[in-house]
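To keep things clear, I will list the structure first and then write my remarks on it.
The values are calculated or read from the model by the stated rules, or taken from the named source; none is laboratory data. Fair warning: this is a prediction, and the values are worked out from it, not measured in the lab. All Cβ positions, glycine included, derive from the backbone under ideal geometry; neighbour counts span all protein chains shown. These area figures cover heavy atoms from the full protein model, side chains too; ligands, DNA and RNA do not enter into them. Shrake-Rupley method; radii C 1.70, N 1.55, O 1.52, S 1.80 Å.
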Protein chains: 2
Amino acid sequence: MSKLLIVGTVAFDAIETPFGKTDKILGGAATYIGLAASQFGIDSAIVSVVGEDFPDTDLQLLKDNNINIEGIEVVEGGKTFFWKGKYHNDLNSRDTLVTELNVLADFNPVVPENYKDADVVMLGNLHPSVQLSVIEQMTKKPKLVVLDTMNFWMDNTWDELMKVIEKVDVITINDEEARQLSGEYSLVKAAHKIHEMGPKYVVIKKGEHGALLFNGENIFFAPALPLEEVFDPTGAGDTFAGGFSGYLAKTEDISFANMKNAIIYGSNLASFCVEKFGTERMAGLAKDDVQQRLMQFRELTQFEIELP
Amino acid sequence: MSKLLIVGTVAFDAIETPFGKTDKILGGAATYIGLAASQFGIDSAIVSVVGEDFPDTDLQLLKDNNINIEGIEVVEGGKTFFWKGKYHNDLNSRDTLVTELNVLADFNPVVPENYKDADVVMLGNLHPSVQLSVIEQMTKKPKLVVLDTMNFWMDNTWDELMKVIEKVDVITINDEEARQLSGEYSLVKAAHKIHEMGPKYVVIKKGEHGALLFNGENIFFAPALPLEEVFDPTGAGDTFAGGFSGYLAKTEDISFANMKNAIIYGSNLASFCVEKFGTERMAGLAKDDVQQRLMQFRELTQFEIELP
């Protein structure tokens, strides 16, 4: 069975959207990535850190979704990473109200022995030195290393970020981050520049406007599914990354043609994530629902043109 | 041969983008629609009005692109409609610097006898009473009536707009206008409300983020082609409408499946329009270039998923 190694935050989120608000609930990049990837029946594991305050029920939820959690360190007396944010009315932007790093501040990732030969490594948004450390612990070169990052690391840890970017096969970032990373406004030009930094594949996430996959001169685009209502965008980007990397781990085919499918699965799963608060929709999402939505993506995008 | 009747402005534009500026050049919704539709070798005609200052060379350009111009009234002593605008750096927004209605202020459209039985009527962005007058002059019910409009008419001529909207089969508007027209933020909900106003088909243009086609519960999405450089967005929406309506006139098939193709052709042609100032790229655009770009749209959007 293919192995997917995930590194990223396992955390508490408190979320406010125009539709309601939550107290501290389960969140974190690795959580969303893991739940999305669990759709593919692969052997996945999370490397992360939580505090003593992290509930067993949440760890159990991950295990119930077939995610190996031996790489999640529980720090005695420590507190779990906490993020609190409020979305604006259009749900396209948000304010961060609270960020408490807590145990994440001193996180030294330890890859479990059994996952040092993982086929695919998904580096969720984290300090680039943590991401690099995970790559360096692999005893067998992975078939594919995927990295997600954000503007915060571009602002504060540019040199470390460059070091890890040059070692990965795929980078997933949003459009504004692609512009910041490359200094180019045109996303086509931005992708070219980012290719030169290392990644052969560049995925640019545009939220409700879909996602672009670049590989040299090849470009593929997957729309986001148009929804009546987006309830909570939290974790959509991570869910996308989890669908993408999980599908590639499952199929073990990293051709451009198959990456198109991975992008579609990423968009597919992200469309569920935003339907409810936090991880509610993703935990226990039925395979049938995902397959049905795949048909919707086909209807939405596929055409057979007759030349006029 | 299928007939396409186009009503809309034939005008002068003066454009400033981050890449340069023009003096008065040929512009206007009907001009862009006509040039795009001319790709399909159909019998198309423009109903519009210009002043005595309108150069014969520009009328000749339309004729050279196989557009019948007997419905373009030339007002003696009159001045042609003039628009001057300046795009912001991201090219997604613009300021209107000058709008001189001139001969457009008293425009009474007269549909040439030979086009009163046109198969498809494309009502370009204009006063809704002018659009309605064209529909009322048709002696044979057209197979399809397509209407383009904008926020200005929603702000100033709501009642007249509602009267014409209820008579058309397809409406094409941008995302902000769809939200204003419907009072709904979600584009899915907006399309449902606009369906209730009359049009069975709702096309929502999202500029660089592509276009959505709604028909009840059916949704189709066409991306804009990712470009290295967008030079001048002027006329892209009209070119899209011209590609859409021209393709449907040519194929005489108004099924949802064929409308998908029409949307793709609209996006295809719009991707050329923005490559140069004004109508420069569209006048004389080679069929081969369009067919080649169709292949790019296929590569960009088509996938063959294997269930994992």
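Non-local amide H neighbours of B:Ser44 (under 5 Å, H modeled in plane, Pro and chain starts lacking H): which ones?
Counting only residues 5 or more places away or on other chains, the set is B:Leu4, B:Asn68.
Averaged over A:201-210, how many beta carbons belonging to a partner chain fall within 10 Å of each residue's beta carbon?
On the way: counts 0, 0, 0, 1, 0, 2, 0, 4, 5, 4.
Average per residue, whole number: 2.
Before anything else, pin down the relative contact order of the range B:175-278: Cα pairs under 8 Å, at least 6 apart, normalised by residue count, whole percent. Walk me through the intermediate numbers first.
Numbers: 150 pairs, mean separation 23.9, N = 104.
Once normalised by length, the contact order is 23 percent.
Round to the nearest 0.05 the FRET efficiency obtained for A:Lys163 and A:Ile305 when R0 = 56 Å and r is the Cβ-Cβ distance. Please list the in-between numbers first.
Details: r = 46 Å, r/R0 = 0.81.
Efficiency at R0 = 56 Å is approximately 0.75.
Copy-to-copy spacing for B:Glu100, label 7 Å out on the Cα-to-C-beta vector, in nm, shortest first?
For B:Glu100, the other copies' label points sit at 6.6 nm, shortest first.
At each listed q (0.07, 0.16 Å⁻¹), what is the log10 of I(q)/I(0) that the Debye formula gives for chain B modelled as equal alpha-carbon point scatterers?
Log10 I(q)/I(0), no solvent term: -0.24, -1.42.
Can you give me the orientation-averaged projected area of the convex hull built on the Cα atoms of the protein assembly as shown, in nm²?
26.8
May I ask which residue of chain A has the beta-carbon nearest to the axis carrying chain A onto chain B, and at what distance in whole Å?
Reported as residue, whole Å: A:His209, 2.
So with the 1.4 Å probe, I'd like the accessible area per residue for chain A, rounded to whole Å².
Numbers: 12160 Å² over 308 residues.
Each residue of chain A exposes 39 Å² on average to a 1.4 Å probe.
Taking the label point as lying 7 angstrom from Cα along the Cα-to-Cβ axis, what are the distances from A:Met1 to the corresponding position in the remaining copies, in ascending order and in nanometres?
Counterpart label points of A:Met1 in the remaining copies fall at 6.6 nm.
Compute the separation of the alpha-carbon centres of the range B:33-88 and the range A:25-52 and state it in Å as a whole number.
Their Cα centres are 60 Å away from one another.
Could you list which residues have their amide H under 5 Å from that of A:Glu73, counting only those 5 or more apart in sequence or on another chain, with H placed in the peptide plane?
Long-range HN contacts for A:Glu73: A:Ser48, A:Val49, A:Val50.
Under 14 Å from a point placed 7 Å out from the Cα of B:Asp90 along the Cα-to-Cβ direction: which residues of the range A:188-229 have their backbone N that close?
Counting only backbone N, you get A:206-209.
Starting from the Kirkwood Rh over alpha-carbon pairs, what translational D in µm² s⁻¹ does the range A:182-271 have by Stokes-Einstein at 4 °C and 1.567 mPa s? Present the calculation step by step, with values, prior to reporting the outcome.
Details: Rh = 13.5 Å.
The estimated diffusion coefficient comes to 96 µm²/s.
Where both residues lie in chain B, what percent of DSSP beta bridges are antiparallel, nearest 5? Write down the numbers at each step before the final one.
Values: 20 of 52 bridges.
Of all bridge pairs located within chain B, approximately 40 percent are antiparallel.
Springs between alpha-carbon atoms under 10 Å, Gaussian network over chain B: tell me which of B:Leu225, B:Leu97, B:Leu26 tops the mean-square fluctuations.
Of the options given, B:Leu97 has the highest mean-square fluctuation.
For the residue pair A:Asp117 and B:Ala257, what label-to-label distance in nm results when each label sits 7 Å from Cα along the Cα-to-beta-carbon direction?
5.0
At 1.4 Å probe size, with no ligands or nucleic acids counted, give the accessible surface of B:Asp90 in Å², nearest ten.
60
Which value in deg cm²/dmol, rounded to the nearest 500, describes the helix-derived mean residue ellipticity at 222 nm for chain B, given -39,500 (n - 2.57) per DSSP H run of n ≥ 4 and division by the residue count? Present the calculation step by step, with values, prior to reporting the outcome.
Details: 10 runs with 110 residues, N = 308.
My calculation for chain B gives -11000 deg cm²/dmol from helical runs alone.
For chain A, modelled as a GNM with alpha-carbon contacts under 10 angstrom, which of A:Glu217, A:Glu136, A:Glu196 fluctuates the most?
A:Glu217
When all protein chains stay in place, what accessible area (Å², nearest 10, 1.4 Å probe) is found for B:Met154?
Roughly 10 Å² of B:Met154 is accessible to a 1.4 Å probe.
Evaluate the charge dipole of the range A:46-164 about its Cα centre and quote only its size in Debye, nearest 20, assuming +1 on the Cβ of each Lys and Arg and -1 on the Cβ of each Asp and Glu.
Using Cβ point charges on Lys, Arg, Asp and Glu, the range A:46-164 gives about 380 debye.
Taking the label point as lying 7 angstrom from Cα along the Cα-to-Cβ axis, what are the distances from B:Asp56 to the corresponding position in the remaining copies, in ascending order and in nanometres?
So the label point of B:Asp56 gives 9.4 nm to the other copies.
Need one value: the accessible area of B:Ser255 in square angstrom, 1.4 angstrom probe, rounded to the nearest 10.
Here the accessible area works out near 50 Å².
Return the distance in nm (one decimal) between the two label points of a simple spin-label model at B:Glu52 and A:Asn218, each offset 7 Å from Cα along Cα→Cβ.
6.3
Under the Karplus relation 6.51 cos²θ - 1.76 cosθ + 1.60, θ = phi - 60°, what is the ordered set of whole-Hz ³J(HN,Hα) values for the range B:222-239, x standing for Gly and Pro?
Rounded to whole hertz, the list is 10, x, 7, 5, x, 10, 4, 8, 9, 8, 7, x, 4, x, 5, x, 5, 4.
Post the alpha-carbon centroid distance, the range B:255-282 to the range A:191-231, in whole angstrom.
Here the answer is 22 Å between Cα centres.
Relative contact order for chain B: what is it in percent, counting Cα pairs under 8 Å that are at least 6 residues apart? Mind showing how you got there, number by number?
Working: 676 pairs, mean separation 54.6, N = 308.
Relative contact order here is 18 percent.
Rounded to the nearest 5, what % of DSSP beta bridges with both residues in the protein assembly as shown are antiparallel?
Values: 40 of 104 bridges.
Of all bridge pairs located within the protein assembly as shown, approximately 40 percent are antiparallel.
Taking the Cα centre of chain A as origin, work out the dipole magnitude from +1 charges on Lys and Arg Cβ and -1 charges on Asp and Glu Cβ, in debye rounded to 20. Mind showing how you got there, number by number?
On the way: 27 positive and 46 negative charges, 114 e Å.
Here chain A has a charge dipole of around 540 debye.
How large is the Kirkwood hydrodynamic radius of the range A:34-100, in angstrom, based on all distinct alpha carbon pairs?
Numbers: mean 1/r = 0.0720 Å⁻¹.
Kirkwood hydrodynamic radius for the range A:34-100: 13.9 Å.
Of A:Gly183, A:Gly207, A:Gly51, which has the largest mean-square fluctuation in a 10 Å C-alpha GNM of chain A?
With Cα springs under 10 Å in chain A, the top fluctuation among A:Gly183, A:Gly207, A:Gly51 is at A:Gly183.
Could you sort out which of B:Lys141/B:Lys193; B:Lys3/B:Lys276; B:Lys3/B:Lys193; B:Lys116/B:Lys260; A:Lys167/A:Lys200; A:Lys21/A:Lys84 sit more than 19 Å apart by Cα distance in this structure?
Details: B:Lys141/B:Lys193 25 Å; B:Lys3/B:Lys276 29 Å; B:Lys3/B:Lys193 31 Å; B:Lys116/B:Lys260 27 Å; A:Lys167/A:Lys200 10 Å; A:Lys21/A:Lys84 10 Å.
With Cα atoms farther than 19 Å apart: B:Lys141/B:Lys193; B:Lys3/B:Lys276; B:Lys3/B:Lys193; B:Lys116/B:Lys260.
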